[in-house]
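Participant: Here you go, one structure.
The values are calculated or read from the model by the stated rules, or taken from the named source; none is laboratory data. In this text the structure is predicted, and so the values were computed from the model without any measurement. Because the Cβ atoms are built from the backbone with ideal geometry, glycine has one as well, and the counts that use them run over all protein chains shown.
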Amino acid sequence: MKHLKLASCILLSLVCTISFAKTAEEIGLEIAKETDRRDIGFTDSIADMIMLLKNQDGDESVRTVKMKSLEIDGDGNRDLSIFQQPSDLKNTAVLTYSHALEPDDQWIYLPGLKRVKRISTRNKSGPFVGSEFAFEDLSSWEVEKYAYRYIGDEMLGDRDCFVVENHPRYEHSGYTRQIEWVDKEIYQPRRLDYYDRQNKLLKTLTFHDYQQYLNQYWRPDRMLMVNHQTGKSTELLWSDRQFKVGLSERDFIPATLKR
C-alpha cells in the first residue's frame, strides 16, 4: 500500500509540473517583454549614421543620415531620418510613427518636389531609399506587433542566446516570420533572419559592437543587412549617440518636415 501511495504522489507531482510548464509561445513572449522592459525610459535620442550600400559586384555607395527618436508613452516611438549626403538625397526626410497594433504612419519629404508624401501601408515592404532595409524595418519594435515562439538556446559566436520565432501580426508585412537570436545577458538582438511571403530566407541582419548608455540602454555601433536573394548588402555605422537631449513631439510633425 505504501508503494502505491508513493507512486500516486509521484504521478500527481509529475502532472502538476506538466500543468504549470510554460508553452513555447509563453516563453517567447516573456523574452520579448523583458527586452522591452529594459529599454523603457530613454526619452529621446539623436545620432549620426553612415549607410554603406554594396551591390552584388562589390560596388559601394555612401549616404550620411541624422537620426532622431522620441519615446511615446502608450505607443511606439517617433523616428526621423534626415539625409545629408549624397547631394541628390540631401534634406530628404523620413518620419515614422510606430504603433503597437495599428499600422504605422510614415511620411517622406522629397526636396526635389518640395512636398511631404504619406507612405502607403501596403508599400512598407518596399526598399528604403534603395537600401536592403524595408520601410517597415525602420519602425520601432513593439511587443504587440508579433506573436512569439521560443525555439531553444544557441551560442552565436561567444554569445549565449535565446532563439525565438516572431510572426508579424499586421496584415501587410513583407515577411511571413523572423528568427531572432536574443543575447541572454543584455536582452538585445544579435541576429535576425527574415523570411519572405513565400517563406524563403530573404535577408539576415546582424548587430555588432554594442555600447551601453546611461548605464542601461544598449545600442549597436554597426548593423549589417545582407540580402541572400540579390547578393546586395547595407551596413549602418552609428556614432555620436546622445540621449535625453530635450526633443519633443513638436520636432516630429509631418508639416514641419520641409524645414
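Participant: Any idea which of (1) under 22 Å from Ile108 (Cβ atoms); (2) touching a Gly at 6+ places or on another chain (Cβ under 9 Å) is the one Tyr217 doesn't satisfy?
Facilitator: (1)
Participant: Report those strands (runs of 3 or more DSSP E) wholly inside segment 137-218 carrying at least 2 residues which are of a type in the set (Ser, Thr, Tyr). So that I can check it myself, show each step before the final result.
Facilitator: Details: elements: 146-156, 159-168, 177-183, 189-195, 201-213.
Hits in segment 137-218: 146-156, 189-195, 201-213.
Participant: Run Thr96 past the list (1) surrounded by 17 or more Cβ atoms within 10 Å (Cβ to Cβ); (2) under 24 Å from Val226 (Cα atoms); (3) out of contact with any helix residue (DSSP H, G or I) (no Cβ under 7 Å at 6 or more places or on another chain) and report the number of the one that doesn't hold.
Facilitator: Failing condition for Thr96: (3).
Participant: Another question, then. Here is a check on your reading of the model: is Tyr150 more than 16 Å from the chain's Cα centre (by Cα), touching a residue at least 40 places away in the same chain (Cβ under 8 Å) and under 15 Å from Ile31 (Cα atoms)? Step through it out loud before you land on a result.
Facilitator: Working: more than 16 Å from the chain's Cα centre (by Cα): yes; touching a residue at least 40 places away in the same chain (Cβ under 8 Å): yes; under 15 Å from Ile31 (Cα atoms): yes.
Yes, satisfied.
Participant: Could you check, for segment 77-96, whether at least one of its residues is β-branched (Val, Ile, Thr), touching a residue at least 12 places away in the same chain (Cβ under 8 Å), assigned to a loop (DSSP other than H, G, I, E, B) and within 24 Å of Arg241 (Cβ to Cβ)? Give the derivation first.
Facilitator: First, the residues of segment 77-96 that are β-branched (Val, Ile, Thr): 82, 92, 94, 96.
Narrowing further to those that are touching a residue at least 12 places away in the same chain (Cβ under 8 Å): 82, 92, 94, 96.
In the following step, the residues that additionally are assigned to a loop (DSSP other than H, G, I, E, B) were identified as 92.
Filter once more, so that each one left must be within 24 Å of Arg241 (Cβ to Cβ): 92.
Yes, there is a match, as at least one residue in segment 77-96 is β-branched (Val, Ile, Thr), touching a residue at least 12 places away in the same chain (Cβ under 8 Å), assigned to a loop (DSSP other than H, G, I, E, B) and within 24 Å of Arg241 (Cβ to Cβ).
Participant: Mind checking which residues of segment 120-136 are buried (at least 18 other Cβ atoms within 10 Å of the Cβ) and either assigned to a strand (DSSP E or B) or over 18 Å from the mean Cα position of the chain (by Cα) (or both)?
Facilitator: Of everything in segment 120-136, just one residue is buried (at least 18 other Cβ atoms within 10 Å of the Cβ) and either assigned to a strand (DSSP E or B) or over 18 Å from the mean Cα position of the chain (by Cα) (or both), namely Ala134.
Participant: On to the next question. Does segment 203-217 contain at least one residue that is modelled with pLDDT of 95 or more, under 18 Å from Asp79 (Cα atoms) and not small (Gly, Ala, Ser)?
Facilitator: Yes: one or more hits.
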